[in-house]
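Working notes, beginning with the structure itself.
The values are calculated or read from the model by the stated rules, or taken from the named source; none is laboratory data. All values derive from a computational prediction rather than experimental measurement. Every residue, glycine as well, gets a Cβ built from its backbone with ideal geometry; the counts of neighbours run over all protein chains shown. Just so you know, the surface numbers come from the protein's heavy atoms only, side chains and all, with ligands and any DNA or RNA stripped out. Shrake-Rupley method; radii C 1.70, N 1.55, O 1.52, S 1.80 Å.
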Amino acid sequence: MHLLTNYSFQSGQKIGKMHTYEKFYPGLPDKFICVQPWSKGSKNYNWWDDVLDLIYPYLQKNNIALVQCGAKDEKPLKYCRQTQGTTSFGQLEYIVSKSCLVLSTDTVSAHIGGHYDIPIVTLVSNNYKSCVQAFFGDKSKQIILEPDRTNLKPMFTLDELEPKQINLIPPESIADAVLKLLNIDFDYKFRTISIGRFFNNKTLESCMDTVVDIKQLNAQSIVARCDINFNLVALQNQLKLCPCQIVTNQPIPYQILEGYVKNITGVVYKIDEQHDPEFVKLLIKYKIQYQLISELPVNKLNMIKLEYMDFNIIHHIKSEIPEKLKNKDLNSVWYKTSKVLLGAGKFYASEQDYINGVNFNPMENEPIKINKKNIEILWRNSDFVHFLEKA
């Protein structure tokens with residue numbers, strides 16, 4: 001039963017047409033999609049960037065802009081004109097009324113769009129779509145997307161723990177729904193197998209074989225991969241230029257920690273058989289945030305843990321193939337990554353590709369075919385990877 005119908009039964013009031021009070025909002029594009037991506041907790045979808053990357057080229061060709069609505073402090077999405085925090089409720093109604101489609105999570109814009117009988121694409125997660133979808137409007141113009149409910153029931157809460165159900169909706173399904181309602185052919189040859197829990201964390205990493213000018217790459221910071229090349233001269237020069245997170249399997253001398261502490265945003269210490277607990281004490285001394293990880297086999301790692309029991313937990317990084325890939329033909333599996341690795345002046349989609357000498361163009365944002373050589377390195381980083389297969 002729809003929530004509005006339930007409220008009608010409980011209150012004894014008949015359901016009538018909405019009454020709106022539109023208020024002019026200046027400077028809107030001639031043709032645009034109203035995007036209201038954020039709501040609360042479990043309603044918030046993590047992969048909006050990927051959705052917009054898929055639809056934006058098609059929208060450009062058809063002169064359709066994106067206008068984002070919402071509250072003042074909500075994260076802005078790329079490609080969108082931002083109106084967050086600048087609209088009254090009446091102005092939001094005006095924006096929705098002038099749009100050619102509403103793309104949103106389960107929030108107010110979708111219901112206003114139903115009132116105006118505008119095409120709607122809505123993401124629903126913490127309830128059944130039949131209960132919360134837009135009550136008004138032509139249902140043939142509305143596509144309501146939810147996770148596969150075959151063996152999954154909604155949590156009925158806004159405080160859902162990760163992984164959130166809403167993130168099980170594939171980005172290409174949302175893109176397909178938007179373009180379908182706009183009568184635009186969507187030519188995309190891939191479908192999602194799985195998306196790693198940290199895929200939303202976009203990072204630029206350096207192999208530490210040279211110093212990177214991050215301003216040219218429009219980045220604010222960089223990850224210094226001293227576990228790939230333990231180049232202390234390059235590390236010092238990089239720390240002079242910009243803030244860095246350091247990933248290392250060897251202790252960094254105290255002179256560097258002390259001299260550049262303000263530019264060290266954190267240290268990830270990869271514990272191997274040559275580990276040194278004294279290095280962690282140095283990090284604590286200089287109040288540097290740190291994380292302990294290890295790729296050692298469990299039996300060897302267990303023998304080491306006692307030495308670090310007064311520090312942080314050691315997170316074990318496995319080299320196993322992800323569960324959803326176990327029954328897949330790897331020859332048909334492709335991937336995207338949230339990490340871009342820079343080495344020898346070239347870009348690599350993963351540490352595996354860097355070792356294999358296979359570079360790529362990060363501006364293209366196209367899936368990359370899996371290379372089976374040194375593939376265990378890719379498995380270790382699968383939390384940052386979006387796996388796909390040919391449709």
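Taken across the range 11-18, residues that are touching a residue at least 12 places away in the same chain (Cβ under 8 Å), touching a strand residue (DSSP E or B) at 6+ places or on another chain (Cβ under 6 Å) and either under 29 Å from PRO147 (Cα atoms) or open to solvent by 40 Å² or more (accessible area, probe 1.4 Å) (or both) do not occur at all. When the residues of the range 226-264 are narrowed to those that are within 22 Å of ILE317 (Cα to Cα) and not hydrophobic (A, V, I, L, M, F, W, C), which ends up least open to solvent (accessible area, probe 1.4 Å)? Per the criteria, the residue is THR248.
For every residue, the table says whether it meets (1) within 16 Å of ALA224 (Cα to Cα); (2) modelled with pLDDT of 95 or more.
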site	(1), (2)
PRO253	yes, yes
LEU257	yes, yes
VAL268	yes, yes
PRO277	no, yes
LYS281	no, yes
LYS305	no, no
ASN312	no, no
ASN359	no, no
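Taking the criterion of being of a type in the set (S, T, N, Q) and touching a Phe, Trp or Tyr at 6+ places or on another chain (Cβ under 7 Å), the residues of the range 88-125 that qualify are GLN91, SER97, SER99, THR105. Restricted to the range 158-180, and to residues there that are in a loop (DSSP other than H, G, I, E, B) and not acidic (Asp, Glu), the residue that is surrounded by the fewest Cβ atoms within 10 Å (Cβ to Cβ) is LEU161.
Tell me whether the range 79-88 contains one or more residues that are within 19 Å of the chain's Cα centre (by Cα) and in a loop (DSSP other than H, G, I, E, B). Spell out how you get there, then give the answer.
So in the range 79-88, the residues within 19 Å of the chain's Cα centre (by Cα) come out as 79-80.
Next cut, in a loop (DSSP other than H, G, I, E, B) only: 79-80.
Looking for residues that are within 19 Å of the chain's Cα centre (by Cα) and in a loop (DSSP other than H, G, I, E, B), one finds at least one in the range 79-88, hence yes.
Taking the condition open to solvent by 80 Å² or more (accessible area, probe 1.4 Å), over 20 Å from ASN218 (Cα atoms) and out of contact with any His (no Cβ under 9 Å at 6 or more places or on another chain), does LYS300 pass? Yes, satisfied. Just wondering, is there one or more residues in the range 35-43 that are surrounded by fewer than 15 Cβ atoms within 10 Å (Cβ to Cβ) and over 27 Å from THR157 (Cβ atoms)? Within the range 35-43, none of the residues are surrounded by fewer than 15 Cβ atoms within 10 Å (Cβ to Cβ) and over 27 Å from THR157 (Cβ atoms).
The set of residues from the range 120-142 being modelled with pLDDT of 90 or more, over 25 Å from the mean Cα position of the chain (by Cα) and either in a strand (DSSP E or B) or closer than 21 Å to ILE166 by Cα (or both) comprises just one member, GLN142.
Of everything in the range 207-216 that is open to solvent by 50 Å² or more (accessible area, probe 1.4 Å) and free of Cβ contacts under 8 Å to residues at least 40 places away in the same chain, the residue that is farthest from LEU292 (Cα to Cα) is GLN216.
Per-residue answers, yes or no, for (1) crowded, with 19+ Cβ neighbours inside 10 Å; (2) touching a Phe, Trp or Tyr at 6+ places or on another chain (Cβ under 7 Å):
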site: TRP48; (1), (2): yes, no
site: TYR56; (1), (2): no, yes
site: LEU66; (1), (2): yes, yes
site: ALA71; (1), (2): no, no
site: GLU74; (1), (2): no, yes
site: LEU77; (1), (2): no, yes
site: THR86; (1), (2): no, no
site: PHE135; (1), (2): no, no
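LEU306 meets all of the listed conditions (1) hydrophobic (A, V, I, L, M, F, W, C); (2) open to solvent by 20 Å² or more (accessible area, probe 1.4 Å); (3) free of Cβ contacts under 8 Å to residues at least 24 places away in the same chain; (4) part of a strand (DSSP E or B) but one, namely (4).
Report yes if LEU103 is open to solvent by less than 40 Å² (accessible area, probe 1.4 Å), in contact with a Leu (Cβ under 8 Å, 6 or more places away or on another chain) and not in a helix (DSSP H, G or I), otherwise no. No.
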